[in-house]
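Take a look at the structure set out below.
The values are calculated or read from the model by the stated rules, or taken from the named source; none is laboratory data. Values in this document were obtained by computation on a predicted structure and should not be read as measured data. Cβ sites come from the backbone with ideal geometry, for glycine too, and all protein chains shown count toward neighbours.
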Amino acid sequence: MTKEPKKALGFVTIQIVQKDLLRLAAQEQTFRELFGSENSEKILNAAAPNTFAIIQDVLRQEITLGITRTLIDPAVQGNYKNLGLETIVQRMPGDNQDLIDRIVQLRQKYEPINDIRRKLRAHRDEKTAYDIEYRQNVESWSINDELIFEAINDMKDVMNEITKRIYNSKFEGNFVGLDAEKLLKTLASAV
């Protein structure tokens, strides 16, 4: 049962997308702490290289899907209504064409992330799978992690503007209190 009307822009609608962005920020911070330095990768490789390779891939995949779900998916897709930044902006009162234009610009900028989702993460495109297996055009299917982190920051900027216009407040989108660094310290002393 839906608590908010289908076309409403209410607190819960915004809160859901803000939670998605906070989750992305937490995942980004964890990824950076675990895999962002030579020292941390050295510790992880000494402790459990295969396990942490899987964790790295899963985190990257989850971040990629989160970006595409929140930024790239349109508000309406066939018979389905998606809840992301575009949905919020469309439901906001007043003229918000500048925010719609910003979302369109960001979608174009981060289309390579969406390609990864469509052809590798959410689906398995046959040609792409063979290209990767036979090491052909592999560079076109790898995305620099900084591009992913930049996308998250751009999304937080859009949410900040939304929050400012609706509530006259600021959306920080920062996540504090993760313990990946503690894990690294524990592993370093154990290996």
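Before moving on, here are some points about what is shown:
- Being assigned to a loop (DSSP other than H, G, I, E, B), more than 20 Å from Met92 (Cβ to Cβ) and either of a type in the set (A, V, I, L, M, F, W, C) or at pLDDT 80 or above (or both) holds for only one residue in Leu178, Leu184, and it is Leu178.
- In the stretch 132-175, residue nearest to Gly10 (Cα to Cα) [restricted to those that are modelled with pLDDT under 70 and not in a helix (DSSP H, G or I)]: Phe175
- Those residues of the stretch 57-72 which are buried (at least 16 other Cβ atoms within 10 Å of the Cβ) and within 29 Å of Ser189 (Cα to Cα), in sequence order: Leu59, Arg60
- Out of Val76, Val12, sole residue that is surrounded by fewer than 18 Cβ atoms within 10 Å (Cβ to Cβ) and either at positive phi or at pLDDT below 90 (or both): Val12
- Annotation: Ile113 fulfils all but one of (1) over 22 Å from Arg60 (Cα atoms); (2) modelled with pLDDT under 95; (3) crowded, with 19+ Cβ neighbours inside 10 Å; the unmet one is (1).
- Under the condition of being surrounded by 17 or more Cβ atoms within 10 Å (Cβ to Cβ) and in contact with a helix residue (DSSP H, G or I) (Cβ under 8 Å, 6 or more places away or on another chain), the residues counted in the stretch 18-38 number 13.
- Of all residues in the stretch 96-110 being farther than 19 Å from Glu62 by Cα and among the basic types (Lys, Arg), the one that is surrounded by the fewest Cβ atoms within 10 Å (Cβ to Cβ): Lys109
- Pair list, Cβ < 9 Å and 6+ apart or interchain, from the stretch 36-60 residues that are without any contact (Cβ under 8 Å) to a residue 12 or more places away in the chain to residues that are of a type in the set (D, E, K, R): Gly36/Asp145
- Hits in the stretch 73-94 (condition: hydrophobic (A, V, I, L, M, F, W, C) and free of Cβ contacts under 8 Å to residues at least 40 places away in the same chain): Ala75, Val76
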